[in-house]
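Engineer: Next up is a structure, given as structure tokens.
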Amino acid sequence: MSAARKTLKILALIYFVLGIASLVIGIAGIATGNLDSTYGSNAMLAAVVLVAKGLVDLAAGVAGIKGANKPSQVDGAFKLGIVAAAATLLQAALTLPALGGSSVNIVPFVIVVYDLFFVQQAHAVKAENKDRL
């Protein structure tokens, strides 16, 4: 297994953790309404985005592991990584005071870098597979 495939597999496993954390925080936010301190008037929308991002992260994790094991199937991980990055940017935007949030949350801005690194690794595995054919 190449270094790109190993890295993709590790990143995919981390996506599972991120996905579960997003689901738990999003569902807890919907159930308790405790996201108002960070998201202000966008709290419910932010909770829905967190749940959707959690589902996308879990799907990206599965696709990443499949792609790492069988490089011909890595295209799904590549596409889901892009969707995850877009959802993370939306989540980050909802914290901005100009859009109704109460404070800037740095965590989503850091996670989007992770999302883009995942996309880059999926692309590297895709290119590596193309070279082998």
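The values are calculated or read from the model by the stated rules, or taken from the named source; none is laboratory data. Because the structure is a prediction, the values reported are computed rather than measured. Side chains are part of the model used for accessible areas, which takes the heavy atoms of the whole protein and leaves out ligands, DNA and RNA. Shrake-Rupley method; radii C 1.70, N 1.55, O 1.52, S 1.80 Å.
Engineer: Which value at 222 nm does the chain reach when only helices count, each DSSP H run of 4 or more adding -39,500 (n - 2.57), with the total divided by all residues and rounded to the nearest 500 deg cm²/dmol?
Structural biologist: On the way: 5 runs with 107 residues, N = 133.
Using -39500 (n - 2.57) per qualifying helix, the result is -28000 deg cm²/dmol.
Engineer: Something else now. How much of the accessible area of the chain, in percent, comes from carbon and sulfur atoms when a 1.4 Å probe is used?
Structural biologist: Details: 4860 of 6670 Å².
Answer for the chain: carbon and sulfur cover 73 percent of the accessible area.
Engineer: Using the Karplus curve 6.51 cos²θ - 1.76 cosθ + 1.60 with θ = phi - 60°, what ³J(HN,Hα) values do you get for each residue of region 53-67, in whole Hz, with x for Gly and Pro?
Structural biologist: Per residue, the Karplus-derived 3J(HN,Hα) values read 5, x, 5, 5, 4, 5, 5, 5, x, 5, 5, x, 5, 4, x Hz.
Engineer: Sticking with this one: Calculate the tail of P(r) for the chain: the fraction of all Cα-Cα distances greater than 18 Å, expressed in %.
Structural biologist: On the way: 4576 of 8778 pairs.
Everything past 18 Å amounts to 52 percent.
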